[in-house]
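Q: Right, I'll just put the structure down here and ask away after.
Coordinate-derived values only; no laboratory data. What you see is a predicted model; the values in this text were computed from it and never measured. Positions of Cβ are generated from backbone atoms using ideal geometry, with glycine treated the same way; all protein chains shown enter the neighbour counts.
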Amino acid sequence: MAFVRSLIFFSGYATLTLLYGSTTLFIWLLPNLVAHRFITSWTTIIIWWLKVTCGVKYVVKGRENIPSDAGFVVLSKHQSAWETLFLQTLFWPATTILKKELLNIPFFGWGLRVLKPVPIDRSNPRLALKQVKTIGSERLQEGFNIILFPEGTRMPVGEKGTYARSGADIASNANVPIVPVAVNAGACWPPKRFVKYPGTVIVSIGPSISAENRSSKEVMADVENWIENEMASHAAP
């Protein structure tokens, strides 16, 4: 049954992606935030469709910790594709850092371009770090929030990756706060698996962490501690 539900979900997901991707050919003349809002509505519909077809619900804790003014860095736990979709809506207007190759994928990549992401070349780490700092600061000045997944890749439930410091570098350069996020979507939408499972995803938003006049190592230690401790509380009975 889970496979059949996942197949129905994927059919709708693919259809919506084609439709939204096609519209990007006609919305480039709209104001940035209008076009951005339109494309972001795709993520809202996908999250709803996942709930309808696969029974994946969610709850959000700590909404009061979201800064009132846009222009901050979100650092999130990364277990699933689910949070890459949901956080775009939760922290709108938001953009993210991604591999530049993704922008060349027909339909999907066209939609990503409208979201004004920070594309990086992972084959050249030094250049990638420079791109993250430079373009990231530009996006913050334009009024976008930046979403990063410091572990770099989706981690299986119960595992922890190495937390990179690029998010702290961006926040420090731009003198903006960091908002830590713990999310346990991997149990419902496991990484690199087709089948989705019913359940409730918990999204926890922590108090802002300042990067001003602090080393990136110190800042990321605070971010990592908060996220991993919160993840442990999600797993507690």
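Q: Would you be able to tell me the number of residues in region 169-210 that are touching a residue at least 60 places away in the same chain (Cβ under 8 Å), in contact with a strand residue (DSSP E or B) (Cβ under 7 Å, 6 or more places away or on another chain), within 25 Å of L129 (Cα to Cα) and hydrophobic (A, V, I, L, M, F, W, C)?
A: Residues flagged as touching a residue at least 60 places away in the same chain (Cβ under 8 Å), in contact with a strand residue (DSSP E or B) (Cβ under 7 Å, 6 or more places away or on another chain), within 25 Å of L129 (Cα to Cα) and hydrophobic (A, V, I, L, M, F, W, C) within region 169-210 amount to 7.
Q: Which of the residues belonging to region 199-231 are under 14 Å from P180 (Cβ atoms) and among the small types (G, A, S)?
A: The answer is S204, G206, S208, S210, A211, A221.
Q: If we only count strands (runs of 3 or more DSSP E) wholly inside region 125-233, which ones have 1 or more residues that are surrounded by fewer than 18 Cβ atoms within 10 Å (Cβ to Cβ) and over 19 Å from the mean Cα position of the chain (by Cα)? Walk me through it before giving the result.
A: On the way: elements: 145-148, 178-183, 199-205.
Counting at least 1 such residues, we get 199-205.
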